[in-house]
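Novice: Starting off with a structure, shown below.
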Amino acid sequence: MSLRITIDPSPLRTQVVERLREAIVDGELLVGTRLVERELIEQLGVSRPSVREALRQLESEGLIVQTPSRGVEIPVLAAKEIEEIYQVRIVVEGLAAELFALRASDEAVQDLESALVEIETARKHPGDRKRFRLAKSRFYECLFRGADNAT
C-alpha cells in the first residue's frame, strides 16, 4: 500500500488529511489499526507537522482517536453508535428523497439515474472499494443537489 502524496496545488495538510481519510474509508487502513506518526511520515513522504495537523483534523472528524496508553488508532464503533448513525441517515436521506421527488428537474433525474448505473457497475467489482465509494458519493451529491435544499 502506498500512501505517498502526489503533486497537487492544494495545501499539503489538506492533501495529507484527504489521503489518510481515503485510506481509512476505503479499508486500506483497517479499524483498530494503530497509526504510528513516524511510519506515516515515511509512507506519506511529508513532514512531522503536516502529519500532526492531519491527525488533529481526523480526530476532530471522529475518524481516529488518541488515547494516552494506545496512541492514535482507527476506532471500532460500538453497535449502538452504528445504530444511531443509521437512524439519523434514514431520516436525512428519506427527506432528501422526498424533496428530490417534489423538486428535481429532468436533468437532475437523469444525473441520479446515471449515478445509479455507476453504483451497479461498481458493485460488479467488489474488490474496488474506492470505485464503489466514489459512485456512492456521486449518487448522494445528485440526490441532495436535486432535492434543492442548500442545508
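Novice: Being free of Cβ contacts under 8 Å to residues at least 60 places away in the same chain and within 25 Å of Leu143 (Cβ to Cβ) narrows it down to one of Leu63, Leu20, Leu44, Leu29, so name that one.
Specialist: On the way: Leu20 fails: within 25 Å of Leu143 (Cβ to Cβ); Leu44 fails: within 25 Å of Leu143 (Cβ to Cβ); Leu29 fails: within 25 Å of Leu143 (Cβ to Cβ).
Residue meeting the stated conditions: Leu63.
Novice: Considering each residue of the stretch 94-115, count those that are assigned to a helix (DSSP H, G or I), among the small types (Gly, Ala, Ser) and under 17 Å from Asp148 (Cβ atoms), and give that number.
Specialist: Here the count works out to 6.
Novice: Something else now. Any residue in the stretch 5-12 that is acidic (Asp, Glu), out of contact with any helix residue (DSSP H, G or I) (no Cβ under 6 Å at 6 or more places or on another chain) and free of Cβ contacts under 8 Å to residues at least 24 places away in the same chain?
Specialist: no
Novice: Continuing with this model, one more query. Could you check the stretch 11-59 and list, in sequence order, the residues that are at pLDDT below 90 and farther than 21 Å from Lys130 by Cα?
Specialist: Those that are at pLDDT below 90 and farther than 21 Å from Lys130 by Cα: Pro11, Leu12, Arg13.
Novice: Right, here's the next one. Give the number of residues within the stretch 45-58 that are within 30 Å of Ala78 (Cβ to Cβ) and more than 14 Å from the chain's Cα centre (by Cα).
Specialist: Applying the first criterion (within 30 Å of Ala78 (Cβ to Cβ)) to the stretch 45-58 yields 51-58.
Among the residues that remain, those that are also more than 14 Å from the chain's Cα centre (by Cα) are: 51-56.
Matching residues across the stretch 45-58 total 6.
Novice: Can you name the residue in the stretch 35-69 that is among the hydroxyl-bearing types (Ser, Thr, Tyr) and not in a helix (DSSP H, G or I) and is also surrounded by the fewest Cβ atoms within 10 Å (Cβ to Cβ) among such residues?
Specialist: Going residue by residue through the stretch 35-69, those that are among the hydroxyl-bearing types (Ser, Thr, Tyr) are 47, 50, 60, 67, 69.
With the extra rule that they be not in a helix (DSSP H, G or I), the set shrinks to 47, 67, 69.
Values: Ser47: 13, Thr67: 9, Ser69: 4.
Among those residues, the one meeting the criterion is Ser69.
Novice: Looking for something touching a residue at least 12 places away in the same chain (Cβ under 8 Å) and part of a helix (DSSP H, G or I) - is there at least one such residue anywhere in the stretch 83-93?
Specialist: Checking the stretch 83-93: at least one residue is touching a residue at least 12 places away in the same chain (Cβ under 8 Å) and part of a helix (DSSP H, G or I).
Novice: Exactly one condition in (1) acidic (Asp, Glu); (2) exposed (fewer than 11 other Cβ atoms within 10 Å of the Cβ); (3) in the same structural domain as Leu30 (by TED's automatic domain parsing) is not met by Asp106; state its number.
Specialist: Result: Asp106 passes all but (3).
Novice: Check the stretch 24-34 and report whether any residue there is within 27 Å of Phe144 (Cβ to Cβ) and either assigned by TED's automatic domain parsing to the domain that holds Phe132 or assigned to a helix (DSSP H, G or I) (or both).
Specialist: Yes, some residue in the stretch 24-34 is within 27 Å of Phe144 (Cβ to Cβ) and either assigned by TED's automatic domain parsing to the domain that holds Phe132 or assigned to a helix (DSSP H, G or I) (or both).
Novice: Taking the stated definitions as given, is Glu84 in contact with a helix residue (DSSP H, G or I) (Cβ under 9 Å, 6 or more places away or on another chain), over 21 Å from Asp26 (Cβ atoms) and outside the structural domain of Val17 (by TED's automatic domain parsing)?
Specialist: no
Novice: Which is touching a helix residue (DSSP H, G or I) at 6+ places or on another chain (Cβ under 8 Å), in the same structural domain as Glu18 (by TED's automatic domain parsing), basic (Lys, Arg) and without any contact (Cβ under 8 Å) to a residue 24 or more places away in the chain, of Arg52, Arg56, Arg131, Arg123?
Specialist: Matching residue, one of Arg52, Arg56, Arg131, Arg123: Arg52.
Novice: Taking the stated definitions as given, is Val72 modelled with pLDDT of 90 or more, under 18 Å from Pro11 (Cα atoms), among the β-branched types (Val, Ile, Thr) and surrounded by 16 or more Cβ atoms within 10 Å (Cβ to Cβ)? Give the steps one after another, and end with the answer.
Specialist: Values: modelled with pLDDT of 90 or more: yes; under 18 Å from Pro11 (Cα atoms): no; among the β-branched types (Val, Ile, Thr): yes; surrounded by 16 or more Cβ atoms within 10 Å (Cβ to Cβ): yes.
No, not satisfied.
The values are calculated or read from the model by the stated rules, or taken from the named source; none is laboratory data. These numbers were taken from a predicted model, which means no experiment stands behind them. All Cβ positions, glycine included, derive from the backbone under ideal geometry; neighbour counts span all protein chains shown.
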